[in-house]
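Some notes on the structure that comes next.
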Amino acid sequence: MIDLEERFQQAWAGEPAHVGVAERLAGGRVRLRRRRLAVAGGTLAAVVGLSGGIVVAVGVGADQGHGPAPAGGARVAGRPTPVDPDEASGARGVEVAQTVLDLDRIDPVHDAAYTDDGRVVVRPGWLVTQKVDEVYVGPDDQAAVGLEVTNTTTLEAEWYYLAWGKDGSSSVQRSWPQANPGKTLGAWLPDPQGNHSRP
């Protein structure tokens, strides 16, 4: 009859020799240290890459100012696309509010407004992503414009219908794309009778 010890020796004949507990723990610690360094290095690379992308995105927004992208232009990877100021219905006539007077003209609730002299200004940190010039103008209004502005930090979008009267008065109507599912900015703006019901 075969002894039990012989059976174990035959079963483990090709296996590596037993490693002591102290050596096994030392090897495990080395592997753990390497893994932690690799994870930390990967995390650092991701953070640097992400922060570089944010700096580039903010830099592009700052360089292009609040000049919009073509009306109805598509968003790229969730980021706001500025309207091209050289397009006929681009961001011409839209400025970033810089002076105290211009900032005071934008009330605390809104992020876009007409100034007393008929200029359109947006709050710093907001980018014009759509602009519609041909908007219904009532008999006492000298100008009106439709805007979609997007916060460059939160990417929250707002729609504005701004009207400016010859006497320097102005009015603001605001909404949000998510409050108008299936509608475009142009469809939300007033029709020739002043109703917000364009197809």
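Rule-based calculations on the coordinates, nothing more; no lab input. Remember, it's a predicted structure, so these values are computed and weren't measured experimentally. So basically every Cβ, Gly included, is an ideal-geometry build from the backbone, and we count neighbours across all protein chains shown.
Summary table
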{"item": "Shape category assigned to segment 94-188 from the gyration tensor of Cα positions, a/c cut at 1.5", "result": "oblate"}
{"item": "Low-density loop cleavage sites - GluC sites (Glu not before Pro) in segment 93-163, where at most 12 other Cβ are within 10 Å (DSSP)", "result": "134"}
{"item": "Dipole moment magnitude, nearest 20 debye, segment 1-45 about Cα centre, only Lys, Arg, Asp, Glu C-beta charged", "result": "720"}
{"item": "Antiparallel bridges, percent of DSSP beta bridges restricted to segment 94-188 (to nearest 5)", "result": "90"}
{"item": "Under 5 Å, built H, 5+ apart or other chain: amide partners of residue 156", "result": "151"}
